[in-house]
1. Solvent-accessible area per residue for the stretch A:4-228 at a 1.4 Å probe radius, Å²?
2. What's the center-to-center distance, using Cα atoms, between the stretch B:275-307 and the stretch B:412-462 in Å?
3. Need one value for A:79-91: mean number of C-beta atoms belonging to other chains within 10 Å of its residues' C-beta atoms.
4. Within a 10 angstrom radius of each residue's Cβ in B:350-362, how many Cβ atoms of other chains show up on average? Whole number is fine.
5. Would you please give the FRET efficiency between B:Q454 and B:L332, computed as 1/(1 + (r/R0)^6) with r the Cβ-Cβ distance and R0 = 41 Å, to the nearest 0.05?
6. Other chains' Cβ within 10 Å of A:97-103 residues: what's the mean?
7. Past 20 Å, Cα to Cα: identify those pairs from A:K46/B:K452; A:K11/A:K46; B:K94/B:K295; B:K88/B:K295, in the order given.
8. Quick one: order A:I64, A:I223 from most to least accessible surface, probe 1.4 Å.
Amino acid sequence: MNPVVLRNVAKHYRLDAVDVPALADIDLEIHPERFTVLSGPSGSGKTTLLNLIGCIDRPDQGDITVDGQAVLTLRDDALSDFRARRIGFVFQNFNLLPVLNAYENVEYPLLLAGSGYSAKQRRERVLGLLDAVGLADKARNRPGQLSGGQRQRVAIARALATEPMLVLADEPTANLDSHTGAAIIALMRKMQRELKVSFVFSSHDPQVLAEADDVVSIRDGRITGIRRMEVAA
Amino acid sequence: MNTFRLALRNLLRNHRRSLTTLLAMMVGAVSILLFGGYSGNINYGLQTDFVKRSGHIQIQHKDYFLYGSGNPAAYGIANYQHIIDVVKNDPVLKPMLTVVTPTLSLGGIAGNFAQGVSRTVLGSGVVVDEQNRMRRWNDYGFPDRYKPLALSNTPVDSAVIGTGVARVLQLCGPLKVAHCPQAPAKASETGAAAPDDIAALSAQENSDKPAQPATRIELLAANAHGAPNVAGLNVVQAVPQGVKELDDLFVMLHLAQAQRLVYGGDAPQATAIVLQLQHTSQIPAAQARLETLMKTTLRDDALEIHDFATLNPSYGQITGMFAAIFGFIAILIGAIVLFTVGNTMSMAVVERTVEIGTLRAIGLRRGGIRRLFMAEGLLLGIIGSVLGVLMALALAWLINHGGLTWTPPGNVEPVPLMVRVWGESRMIIGTMLGLVLVAVTSAWWPARRAAKLQIVDALRHV
């Protein structure tokens, strides 16, 4: 089953009295356990599409199915619970909670999801993820005590904490230098393969595009092409 | 990471703003508690003064309170001693009582006929020893200011008068009353001299009388049969009464003397039986028991009872006035705290818009956002009110030990300025709960606004 299916999706924004089309005629299937990149110039609609897939925005028309669930039928609280359990987010600006240290930032989604982890299992899960992203020794550091790359690593660990089937990343390397960006992409690729999670990015970073399994090209709110790499046998 | 820990860390993150908000709350709490403690002390002081003078409850002849104050003959309690015995020996009332004593109030004319002056007065006949015991009542722990009545250990024909009475009766000199100007001589007194033969007759008439002390006055009152009666009284002291109207009318004499004046050879009566209780809080229980006695043992006597607040309407007026001022101040401070906390929380929502979007995106429900900001308001309320109470207690201690004094209305001598905060648990808890409620209420609107933010709009916020 494809983790994400969009059918005939359209979205408009209203600026003062003018309707601005952001997305139109979107039919898209995200394949499971793939590294998918939504690519296009600024203003093309890739972030809007990512927001719709992430269930943090609603389309004006069309249907969206995530992990077999028709998400547009869910009420707000149910949608929040669904996001907490099934979707991880990595933001361009990292968006860590500044009053929580790295450990607590990674633990927080587990507490929100109420995912049935005991305190001990939670601790093992968080420390395991921090170790996997190379920050086991920074667990007690708050975001302000971490570099940009380290913050994004914590954000990746946070996104993976609840064992989601889908991780969405909006321009995750945009605020990092190329060296750090490459390391972050490599880390996400590694985690995606190890944890068998579907990753969807919005990006026009060539490094990201080079790593992608699937590239969805968007221009002026419409999908202009989908390039899918062959899956190695 | 529960909501309260997260809320506390958010408050500590912006510690300068949180501190400013807490300071506003502390100042509010301190203002309410200090003024409350001050007005509370005034209430206790007034109550203590009234209870010392007129007891907690008075048993009077029916309708005396409304119609009989000028007519002790018609509204006297004939068998007052029997009633006192019943009250004193009642098993329910006995443990509550400190003093039960009769009084006799009368109106009359006091004259210093040696000086040719007189004036209307209100006389009060009392049992001096029992009145002295009443003046020891100090249930609220005021600094000991006990002074026995000036009438103590004096012969039965002694009297104490107000300084206003002394002034009119031209007794300031003999009584050595300070700050008591002599009345200017009347025009008639400066007229032509009497003829020699008339003057000689007058001198002869005066020389036949035994010499009277200069402090001697006559008190003229209507007796039980409506005829005038006169008692000669020796004024032992003029005592200022604090209120001019009372000072100009006050005469206190021994009960026996007052009874002789009004009832002559008839059986003596009293216009009131004064009951002083251990504690003011016992008034309802004592009143209920007296009502029962009046329907049973004392049913043949036409009696009624009044508490000190009814007997002294100024008590209710003054406490009511302070309660109104206190309420006004509390509302004003509540409004200031409301807007201060509301402003702090609104700024926090604006500053943390992206954070709100992030929390919502990773799965926190709208209710969770609302709870987070409400928890911050609640914590501000709790911390601010606790610190405010501590600061108020410290300031009250400083004021109470600072040696400050003031002269309350109706008092003659200055009294220590006291602010009662310690021990006033109802006021403290009420203030704390009020401030916490105001803080939570003021956090409600920003919290609601935060919870209603659209996630994508919040994440895009710059």
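The values are calculated or read from the model by the stated rules, or taken from the named source; none is laboratory data. Not measured: the values here are computed from a predicted model. Note that each Cβ is placed from the backbone with ideal geometry, even for glycine, and that neighbours are counted across all protein chains shown. Ligands, DNA and RNA are excluded from the accessible area calculation, which covers all protein heavy atoms including side chains. Shrake-Rupley method; radii C 1.70, N 1.55, O 1.52, S 1.80 Å.
1. On a per-residue basis, 41 Å².
2. Distance between centres, Cα-based: 44 Å.
3. Taking all residues of A:79-91 together, the mean is 4.
4. 5
5. The computed FRET efficiency comes out at 0.60.
6. 4
7. Going by Cα-Cα distance, A:K46/B:K452 fall outside the 20 Å limit.
8. A:I223, A:I64
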